[in-house]
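K.L.:
Structure in structure tokens, see below.
The values are calculated or read from the model by the stated rules, or taken from the named source; none is laboratory data. Predicted, not measured: the structure shown is a model, and the values here were computed from it. Here Cβ is always computed from backbone atoms with ideal geometry, including for glycine, and neighbour counts include all displayed protein chains. What goes into the accessible areas is simple: the full protein's heavy atoms, side chains included, and nothing from ligands, DNA or RNA. Shrake-Rupley method; radii C 1.70, N 1.55, O 1.52, S 1.80 Å.
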Amino acid sequence: MLDHSSGTPSSALRAVALSCLAVSLLAVTGCSSTRPSTGAETTGAVTPGAETTPPATSTPPAPGAPGPITAGRMLGDAVAVSSVTDTLGTYAHVGLSPQAKAAAFDPALVDPDSEKGLFDAARLASAQRWVTGFIASETLDSPALDVARNYPAWSARAEEDSVAPGGSALLDAGTDGTNAITWNAAGTNIVPRLIRDGGPRMTRETVDVTRVYPFTDGGPGPAIAFFVTAEADYRVSDEAARAYVEARDPTDSAATRERKTVPALYDGTGENSFPVKGTLVYSVVQRESSWRIAGVKVTYDTPQTWQK
């Protein structure tokens, strides 16, 4: 991630730093991310629980278009917006709540060192609503979140509806096996199999904009980088939690540790919460009447701690 230290460089160094920052924010082939850890990392896909439920009977919402927000169940900064049925069952897909702080543009968050006059307040506000809406509904709750086979169809829609022309590399898996556009994509299994009971797959979601950086260097025209911290507490059954822990460490040391430190994963009752937190930078450009993603950088925070 970028250095956000508060030191004041000389004007020459500041100019170089700003130029490098702009280039890195809009780089569509250099997106990176790091996988969250439960204490032991392994390679290969994790498959906690077989997909034995009937095939999907409804089409997952298109990226960036979660549907009209209704008076659904509130989940922190998110709200349930639609019902989706996939190969694992039915769940309530979420979108950003209109009451969320991230839904409202704050001029104080615009970086004083960014380029002035590229966008007026209305366009900055529009871009922020689009970005935070995408993060709430797709980064944190995409149809591919815990079903890798859904990723090809999801990424095809994302390339058409949400990614800037020429940015298809953003939809490729990163060199470390993860994907920056949507968590747990392409079979990387950052999160375990999640509960399907008709309700949301999470109990809480937060999206917080920390910095807004308009710029031009390094890309095709003006762009805006939004620095965001995002969190989600995902709902996991005991069976899926155990499978996730045990599959990530074939030596059984992880399972042994979790049995001692989080016995609730093995008590056969209730459900478990798996929190994931990350720092995200989404750069967007305007294409006709819509915003499109031109660059992404994601860092997942560790460690992840199970909760009952």
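K.L.:
Restricting attention to segment 240-278, report how many residues are open to solvent by less than 40 Å² (accessible area, probe 1.4 Å) and either modelled with pLDDT of 85 or more or in contact with a strand residue (DSSP E or B) (Cβ under 9 Å, 6 or more places away or on another chain) (or both).
P.N.:
Qualifying residue count for the region: 12.
K.L.:
Please give the number of the condition SER237 fails out of (1) modelled with pLDDT under 85; (2) closer than 14 Å to SER273 by Cβ.
P.N.:
Just one mismatch for SER237, condition (1).
K.L.:
While we're on this one: In segment 119-144, which residues are among the acidic types (Asp, Glu) and closer than 24 Å to THR299 by Cβ?
P.N.:
In the first step, residues of segment 119-144 are kept if they are among the acidic types (Asp, Glu); the result is 120, 138, 141.
Correct list: GLU138, ASP141.
K.L.:
Do the conditions hold for ALA127, that is, is it within 15 Å of VAL209 (Cβ to Cβ), over 14 Å from the mean Cα position of the chain (by Cα) and of a type in the set (A, V, I, L, M)?
P.N.:
yes
K.L.:
Select from segment 135-175 the residues that are open to solvent by less than 10 Å² (accessible area, probe 1.4 Å) and among the acidic types (Asp, Glu) and list them in ascending order.
P.N.:
Hits for segment 135-175 are GLU138, ASP141, ASP146.
K.L.:
Quick one: in segment 279-303, which of the residues that are open to solvent by 20 Å² or more (accessible area, probe 1.4 Å) and modelled with pLDDT under 80 is farthest from the chain's Cα centre (by Cα)? Steps first, please.
P.N.:
We begin by selecting, within segment 279-303, every residue open to solvent by 20 Å² or more (accessible area, probe 1.4 Å); these are 279, 286-290, 292, 297, 299, 301-303.
Going one step further and asking which of them are modelled with pLDDT under 80, we end up with 301-303.
Details: ASP301: 12, THR302: 15, PRO303: 17 Å.
The extreme case among them is PRO303.
K.L.:
Within segment 193-212, which residues are closer than 15 Å to ASP141 by Cβ, of a type in the set (Lys, Arg) and surrounded by fewer than 24 Cβ atoms within 10 Å (Cβ to Cβ)?
P.N.:
Residues satisfying the conditions are ARG196, ARG204.
K.L.:
May I pose another question? Can you tell me how many residues in segment 120-134 are out of contact with any Phe, Trp or Tyr (no Cβ under 7 Å at 6 or more places or on another chain), buried (at least 20 other Cβ atoms within 10 Å of the Cβ) and of a type outside the set (S, T, N, Q)?
P.N.:
Result for segment 120-134: 2.
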